[in-house]
Amino acid sequence: MDPINIIAGLNLIATFGANISGAKRGLRSTVTAAKEKPESFLQKIPLLIAVLTLLFFILAIFQVGTFSYKPVYHNVRVAGLLVYLIFSWVQVWAFKTMGENYSQHVLIYKNHKLVTNGPFKFVRHPQYLSQILLDLGAGTATLSFFIIPLAIIEIPLLVMRSSLEEKLLEKHFKEEFLKYKSKSGRMLPFIG
């Protein structure tokens, strides 16, 4: 098996394990009453794309659905692997920082708190930025011809989802959110 794919696969297992607690908290949103949960296609479609990307990534680790690994692509694949590794752990950091506020859905819990520390100090949606970059990195590292198109489709959906979240946060946290918004970028530091 290809060494880049072995590293990517091991990282997938490690981050999957690290995200188990986040997934359990996220499932809580399906059984816990939310203060507000807007109806939108943005609640399900980005999650579906993330699941498809994960499935194609697992296949790509075994070189199913990939371009041929020619030596000329080695440096590009290594760069993709580094992006994937870094942002998969930034995403774990974001989920862990959110703690009890984490949900796979856009919603406000009854006891919701505005999170402004950790990676949220710099960007308001580090989990979405990380999802985009780790998917692009995974697709590049494995040369998957399925993952890159899915990641590109995912970009506008996650930008729209971040807008939906921001409207909800502004509605419920008012001045506190506006103050936080003025000091942080939406998905890139100091931008948006």
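What to note about this one:
- Ranking 152, 88, 101 by Cα position along the charge dipole of the chain, where only Lys, Arg, Asp and Glu carry charges on their C-beta atoms, puts 101 farthest toward the positive end.
- Here the Karplus curve 6.51 cos²θ - 1.76 cosθ + 1.60, taken at θ = phi - 60°, turns the phi angles of region 3-15 into couplings of x, 5, 5, 4, 4, 4, x, 4, 5, 4, 4, 5, 6 Hz, with x standing for Gly and Pro.
- Paramagnetic label zone (point 7 Å from Cα along Cα-to-C-beta, residue 63; backbone N under 14 Å) in region 118-152: 142-144
- Ordered by the count of other Cβ atoms within 10 Å of each Cβ, fewest first, 20, 148 give 20, 148.
- Here the chain is treated with +1 on each Lys and Arg Cβ and -1 on each Asp and Glu Cβ, and its dipole about the Cα centre works out to around 560 debye.
- With 19 Å as the limit on Cα-Cα distance, the pairs of 37/183; 35/167; 96/179 that go past it are 37/183; 96/179.
- Between region 153-192 and region 102-130, the alpha-carbon center distance in angstrom: 9
- From phi via Karplus (6.51, -1.76, 1.60), per-residue ³J(HN,Hα) for region 84-99 in Hz, x at Gly/Pro: 4, 4, 4, 7, 5, 7, 5, 5, 4, 4, 5, 4, 5, 5, 5, x
- For the chain, leaving out every one of the chymotrypsin sites (Phe, Trp or Tyr not before Pro) that falls in a DSSP loop and has at most 12 other Cβ atoms within 10 Å, the longest unbroken run is 68-189.
- Exposure here means at most 14 other Cβ atoms within 10 Å; with trypsin sites (Lys or Arg not before Pro) in a DSSP loop as sites, the longest stretch of the chain lacking them is 114-192.
- Exposure proxy shown here: for 187, 160, the number of other Cβ atoms within 10 Å sets the order, fewest to most, as 160, 187.
- Percent of alpha-carbon pairs separated by more than 14 Å within region 117-192: 64
- Over the chain, volume per residue of the alpha carbon convex hull, in Å³: 108
- Amide H contacts under 5 Å for residue 109, placed H, 5+ residues apart: 35
- Residue-averaged 222 nm ellipticity for the chain, from DSSP H runs of 4+ at -39500 (n - 2.57), nearest 500: -23000 deg cm²/dmol
Throughout, read-outs are computed from the coordinates displayed, never taken from laboratory work. Please read these numbers as outputs of a predicted model, since none were measured by experiment. Every residue, glycine as well, gets a Cβ built from its backbone with ideal geometry; the counts of neighbours run over all protein chains shown.
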